[in-house]
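Okay, structure first, notes after.
The values are calculated or read from the model by the stated rules, or taken from the named source; none is laboratory data. Remember, it's a predicted structure, so these values are computed and weren't measured experimentally. Every residue, glycine among them, receives a Cβ derived from its backbone with ideal geometry; neighbour counts consider all protein chains shown.
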Amino acid sequence: MAKRIRKSADEAEIDMTPMLDVTFIMLIFFIVTASFTKESGIDLTQSNNDTPLNQQNNKNVSIVIDINGNSEVIMEGRSIDARSVQANVQRLKAENPEANVVVRAAQAAQAQVMVTVVDQARLAGVSGVIISELIER
Amino acid sequence: MANQKFSDRKKEEAEIDMTPMLDVTFIMLIFFIVTASFVKESGITVERPEASTGEKQQRAAVLVAVAEDGSVHMDNQTVDIRAVRANVEKLLSENPQGTVVIQADKRAKAGDVISVMNQIKAAGAEGTAIATVEN
């Protein structure tokens with residue numbers, strides 16, 4: 001009893017040391033596991049609920065861009081430069097605004113060419129580019 | 001006069017005011033908790049293809065790398081290209097809302113990238129993206 005009274009007369013103080021220990025361990029854990037990798041990239045996910053109305057009209061209409069095994073870009077039967085895909089897609093898009101873009105890449109084509117073509121299509125305003133494999137005969 | 005004060009202090013128990021340090025520690029702790037992302041790294045560095053429409057992938061949870069020689073790396077191991085689906089499913093189960101980012105080397109074969117992409121879609125990922133650098 002006497003002890004208790006004496007204690008409250010003192011300045012009340014809590015021992016913070018265990019909490020500090022825990023806090024420091026948590027801090028060190030989060031510092032060590034922190035990874036600030038923010039990858040930048042092109043989204044390949046098709047936006048399905050983007051324009052549900054338009055999708056009913058665009059049956060069988062698509063702009064096909066082929067990339068053959070030598071990484072040549074072929075559009076409408078002509079071999080074109082990968083950087084001119086944007087202009088070509090824009091032209092075809094003007095003729096047929098609801099068309100979607102399909103990129104067909106051959107197994108041996110370079111990934112850079114494929115990414116460039118998708119990038120060009122995105123520059124032309126097409127976000128949901130469909131990528132599939134081109135089976136060469 | 002100053003001496004008197006000093007000796008007074010000495011007599012008491014020596015004590016440092018920890019409050020500012022505690023404040024700083026807590027702010028650091030909160031910062032690191034908030035920014036913690038626990039991304040499953042692929043484990044290798046690839047030369048990313050260039051593109052100008054790349055967007056920051058905010059919710060990337062799993063990174064899958066396709067190297068120049070066609071080998072597939074994820075979660076710091078080399079995996080068979082046919083086993084990508086199972087591995088992505090396993091890693092995504094820890095973070096089902098996350099997206100998968102393919103780190104393809106610019107000289108990798110498009111066929112390998114498409115194969116990996118199809119398997120990631122089959123694994124039920126919320127989203128797929130291909131890592132690029134700004135050109």
key: Matching residues, segment B:53-77, being within 7 Å of chain A (Cβ to nearest Cβ) and touching a helix residue (DSSP H, G or I) at 6+ places or on another chain (Cβ under 6 Å)   = B:THR53
task = Output the residue which, of all residues in segment B:62-107 that are assigned to a helix (DSSP H, G or I) and touching a Gly at 6+ places or on another chain (Cβ under 8 Å), is nearest to A:SER71 (Cα to Cα).
result = B:ILE81
remark   = If we keep only residues of segment B:71-89 that are of a type in the set (D, E, K, R) and loosely packed, with under 14 Cβ neighbours inside 10 Å, then the residue farthest from B:SER115 (Cα to Cα) is B:ASP80
task = Report yes if B:LYS121 is free of Cβ contacts under 8 Å to residues at least 40 places away in the same chain and under 19 Å from A:ILE42 (Cα atoms), otherwise no.
result = yes
note = By residue number, the members of segment B:86-122 that are within 13 Å of chain A (Cβ to nearest Cβ), under 16 Å from the mean Cα position of the chain (by Cα) and among the polar types (S, T, N, Q) are B:THR99, B:GLN103
note = Restricted to segment A:16-39 and to residues being in a helix (DSSP H, G or I) and hydroxyl-bearing (Ser, Thr, Tyr), the residue farthest from the other protein chains (Cβ to nearest Cβ) is A:THR17
query = Do we find a residue being over 21 Å from A:ILE42 (Cβ atoms) and surrounded by fewer than 22 Cβ atoms within 10 Å (Cβ to Cβ) anywhere in segment B:95-102?
reply = yes
ask   = Going by the structure shown, is B:ILE27 crowded, with 17+ Cβ neighbours inside 10 Å, part of a helix (DSSP H, G or I) and modelled with pLDDT of 90 or more?
value = no
request  = Working carefully through the options B:GLU41, B:GLU68, find the one that is over 12 Å from A:LYS38 (Cα atoms), surrounded by 14 or more Cβ atoms within 10 Å (Cβ to Cβ) and out of contact with any Phe, Trp or Tyr (no Cβ under 8 Å at 6 or more places or on another chain).
outcome  = B:GLU68
query = In this structure, does B:ILE33 turn out to be in a helix (DSSP H, G or I) and more than 8 Å from chain A (Cβ to nearest Cβ)?
reply = no
message = Condition check: modelled with pLDDT under 90, closer than 24 Å to B:ARG48 by Cβ and touching a helix residue (DSSP H, G or I) at 6+ places or on another chain (Cβ under 9 Å). Does A:VAL73 satisfy that?
response = no
